[in-house]
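Chemist: Got a structure for you, questions after.
The values are calculated or read from the model by the stated rules, or taken from the named source; none is laboratory data. It should be emphasised that the depicted structure is a prediction, and the values quoted were computed from it without experimental measurement. Virtual Cβ from ideal backbone geometry, glycine too; neighbours counted across all protein chains shown.
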Amino acid sequence: MIYLLTLLLTIVLFIRDREKTIAGVKLGIKKLIKNLPVFLNMIILVSISLYFVSDELIVRFLGESSGIIGLLLAILLGSISLMPGFIAFPLAGILLDKGVSYMVIGGFTTTLMMVGVLTYPIEKEFFGVRVTIIRNLISLLIALLVSVLVGIFYGEIII
Amino acid sequence: MNLNNLRKYGLFLFFVGFVLLSFIFDYNVGEGIYDNFLQFTLTMIKFLPAVFVLIGLFDTWVDREVIERHLGNDSNYLSFIWAILLSGTTVGGLYVAFPVAHSLLKKGASLRIIFTYIGAAAICRIPMTLFEASYVGIKFTLIRLFTSIPLIIISSILLEKYLKSRGYQISDDLAS
C-alpha cells in the first residue's frame, strides 16, 4: 500500500522535475542506510523484550491487579515493552474481559504508545539524550494523568 | 568498513552470534527471540524504506518557507491542528515519527509543533485508534484522546520554552 503510494508520488514528481526527484530518492536511501544500525538495534531489543514480556506474562500480572498497584504495574510494563497495535489492543480486550479496570488498561496502552524505553536508541540519535529523557518522563506523567482521568470518567475512582 | 561502523553494528553482530549458537545448541530462548526478530524485521521492511524515500522527497520538494509559515515559530494555533492531522497518517510507531519530526524541524518547524507531532503520532495514529475503539470501546478511545491531546499540546509548549532557554540545538550529522 505505502509502496504503491510512494511509487505513484515519485512518478508524478519525476515528470514534474527529474533532478529534484532523483535527489530526493537518493537522499531518502542515504538516510535509510545511515539509520539502519539504529533500527536494527531497536528490532533486537524489541524481539528480546517480546520474548520475556509475553502476552501471557502481561495477562498474569495485570489480570488480577487493580487500583494503584495495578496502575503502577501497568505503567511499568507499558513503558518497557513495545508491540504493534494489532497485538496490543486484542490483549487489552482480553484484560477487559478478565475484569481489569479501564484505568489500568489506559495506563498500559498509553505508556505502551508514548513511553519508549526500547526506542531510546533511535530517539536519542535524532534528538539527543537530554530531550529524549525529558520527553519520556513527560509522557509518563501524561499517561498517569490520562489513566486517572479515565478512571474518574468510568467511575472507578470516586472523588 | 572502519572501526566506527563496526561499533554501530556491534550489537547486531553479537546478536547474530548468539542466534547461531542458540541454533547449534538448540537453545529455546535464542530460537524464540530469533522468531520475534524475523517477524518484526518483516513488518519493518513493509514500510520503512518507503517512509525514508518519502522523507527524502519531502526534503528536496517542500520549500522551507512553507513549513516556516505554517508550522514555524510565528505560526498560529492552526499549526497544532496540522501537526495532529499529520500524525494521524503516521505508519508503524514512534520510531517512524522521529525521523519525520527531525526532517520537519530542520525545515523550520517550531519545537512545540515537533513535540506535539511526536506525542500525537504516539496516540492518534488512525489505524491504531480504530483497533483500540473496536477492542476496548469507542467511549474509552474518546476519553483517552480528549484528555491526552490537550496535555500533549501544553507539555510541548512548556518543553519548547525550557529548551529555548537552554539554547537547544539539534544534532545534524547522523540523520542528514
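Chemist: Provide a single number: the residues in the stretch B:123-175 that are outside any helix (DSSP H, G or I), surrounded by 13 or more Cβ atoms within 10 Å (Cβ to Cβ) and of a type in the set (G, A, S).
Modeler: Here the count works out to 3.
Chemist: Considering only the stretch A:136-159, state which residues are more than 14 Å from B:R144 (Cα to Cα) and facing another protein chain (nearest Cβ under 7 Å).
Modeler: A:I138, the sole residue that qualifies.
Chemist: Just to be sure, is A:I87 within 12 Å of chain B (Cβ to nearest Cβ) and touching a residue at least 24 places away in the same chain (Cβ under 8 Å)?
Modeler: The answer is yes for A:I87.
Chemist: Being among the basic types (K, R), farther than 18 Å from A:I142 by Cβ, part of a helix (DSSP H, G or I) and out of contact with any strand residue (DSSP E or B) (no Cβ under 8 Å at 6 or more places or on another chain) narrows it down to one residue among B:R112, B:R69; which is it?
Modeler: Sole residue among the options that is among the basic types (K, R), farther than 18 Å from A:I142 by Cβ, part of a helix (DSSP H, G or I) and out of contact with any strand residue (DSSP E or B) (no Cβ under 8 Å at 6 or more places or on another chain): B:R69.
Chemist: Answer yes or no as to whether B:I33 is within 11 Å of chain A (Cβ to nearest Cβ) and more than 21 Å from A:G128 (Cβ to Cβ).
Modeler: It is true that B:I33 is within 11 Å of chain A (Cβ to nearest Cβ) and more than 21 Å from A:G128 (Cβ to Cβ).
Chemist: B:D35 - would you say it is outside any loop (DSSP other than H, G, I, E, B), farther than 17 Å from B:I153 by Cα, outside the structural domain of B:R166 (by TED's automatic domain parsing) and among the charged types (D, E, K, R)?
Modeler: Judged against the criteria, B:D35 is a match.
Chemist: Can you name the condition, by its number, that A:I11 falls short on among (1) at pLDDT 90 or above; (2) over 18 Å from the mean Cα position of the chain (by Cα); (3) more than 9 Å from chain B (Cβ to nearest Cβ); (4) surrounded by 21 or more Cβ atoms within 10 Å (Cβ to Cβ)?
Modeler: Against the list (1) at pLDDT 90 or above; (2) over 18 Å from the mean Cα position of the chain (by Cα); (3) more than 9 Å from chain B (Cβ to nearest Cβ); (4) surrounded by 21 or more Cβ atoms within 10 Å (Cβ to Cβ), A:I11 comes up short only on (4).
Chemist: Write out, first by first residue and then by second, each pair whose Cβ atoms fall under 6 Å of each other, whose residues are 6+ apart or on separate chains, and whose first residue, in the stretch B:106-117, is assigned by TED's automatic domain parsing to the domain that holds B:V66 while the second is in a helix (DSSP H, G or I) and aromatic (F, W, Y).
Modeler: These pairs meet every condition: B:T116/B:F80.
Chemist: Restricting attention to the stretch A:121-135, which residues are in a helix (DSSP H, G or I) and either at the interface with chain B (Cβ under 9 Å from one of its Cβ atoms) or crowded, with 17+ Cβ neighbours inside 10 Å (or both)?
Modeler: A:P121, A:I122, A:E123, A:K124, A:E125, A:F126, A:F127, A:R130, A:V131, A:T132, A:I134, A:R135
Chemist: From the set of residues in the stretch A:90-120 that are more than 10 Å from chain B (Cβ to nearest Cβ), of a type outside the set (S, T, Y) and buried (at least 23 other Cβ atoms within 10 Å of the Cβ), which is farthest from A:V38 (Cα to Cα)?
Modeler: Top of the filtered list is A:M103.
Chemist: With respect to B:I84, determine if the residue is in contact (Cβ under 8 Å) with a residue 12 or more places away in the chain, part of a helix (DSSP H, G or I) and crowded, with 22+ Cβ neighbours inside 10 Å.
Modeler: Spelling it out, it is not the case that B:I84 is in contact (Cβ under 8 Å) with a residue 12 or more places away in the chain, part of a helix (DSSP H, G or I) and crowded, with 22+ Cβ neighbours inside 10 Å.
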